[in-house]
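For reference, the structure discussed in these notes is given below.
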């Protein structure tokens, strides 16, 4: 078995709140410098920089996961991860139909840049990505499962856009095996929530990406590391 150090919640320059320097290539490079093995790119309501993150990750020895931080109709953030890039792209197409289109104000919210694996800006997103979609909190688990993914509530230890802040906690019949914490020291505050914890950075700047600290213990098999990780996430 091997410790695979991870960060499963990272924003690129495509998220309006993400720094313009957080290109797919720079994110993968920072992960390499920090000693990470597995990284997930999880922009707000889109996966469009994931292809280029996969290309960059291959140059930096990083095992990439395609993901999204979905904003529900209640403005709850949920991390959605996909075992294949193809499934993530298909999910993106579904969410695109459920977005509420508001023109982005770059002077207020920031740029939304699609960058290739060599840091070139190839397009921009006109409509704000971080606002609520029409997907309800209750819909998300089955919708993500339909596309072969897994999901869990994001940063439950925060006072905004978390299920705890919006709903006061998880419903008693919730389907989640995991919840995300931003600060692992807060785990004691949620010991009765009925979930295991994934600790991730929610990085919007390169310097916020996790150091070599949090890990999954997986078979020593880089080729199948994503498959093995998803077996844990799905509780198989």
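Any read-out appearing in this document is the output of simple, stated calculations on the displayed coordinates, not a laboratory observation. Keep in mind the model is a prediction, meaning the values are calculated, not measured. Counting neighbours? That spans all protein chains shown, and the Cβs are built from the backbone with ideal geometry, glycine included.
What share of Cα pairs, in percent, lie more than 31 angstrom apart in the chain? Value for the chain (Cα pairs over 31 Å): 14 percent.
Taking every C-alpha pair closer than 8 Å and separated by at least 6 residues, the mean separation divided by the residue count of the chain gives a relative contact order of 26 percent.
Considering only 106, 133, 72, the mean-square fluctuation computed in a Gaussian network model of the chain, springs between alpha carbons under 10 angstrom, is largest for 106. A straight chain from residue 17 to residue 191 at 0.36 nm per residue would run longer than the Cα-Cα distance by 59.6 nm.
Descending by average beta-carbon neighbour count within 10 Å, the peptides 17-27, 181-191, 209-219 line up as 17-27, 209-219, 181-191, the highest first.
With a Cα-only, solvent-free Debye model of the stretch 49-101, what are the log10 I(q)/I(0) values at q = 0.19, 0.23 Å⁻¹? Debye curve over Cα of the stretch 49-101, log10 I(q)/I(0) at q = 0.19, 0.23 Å⁻¹: -0.70, -0.90.
The relative contact order of the stretch 66-172, computed from alpha carbon pairs under 8 Å that lie at least 6 residues apart in sequence, is 35 percent. One decimal place: the segment residue 177-residue 123 gains 15.8 nm when fully extended, by the rule 0.36 nm per residue minus the C-alpha distance. Mean sequence separation of contacting Cα pairs (under 8 Å, at least six apart), scaled by the length of the stretch 93-149, corresponds to a relative contact order of 36 percent.
On the principal axes of its alpha-carbon atoms, the stretch 1-122 has extents of 44, 28, 22 Å, going from largest to smallest. Of the Cα atoms belonging to the stretch 107-155, the radius of gyration and Dmax stand at 15.0, 39 Å.
Build a GNM of the chain with springs between Cα atoms under 10 Å apart, and of 154, 90, 132 the one that fluctuates most is 90. Taken over the stretch 54-193, the alpha-carbon convex hull comes to 141 cubic angstrom per residue.
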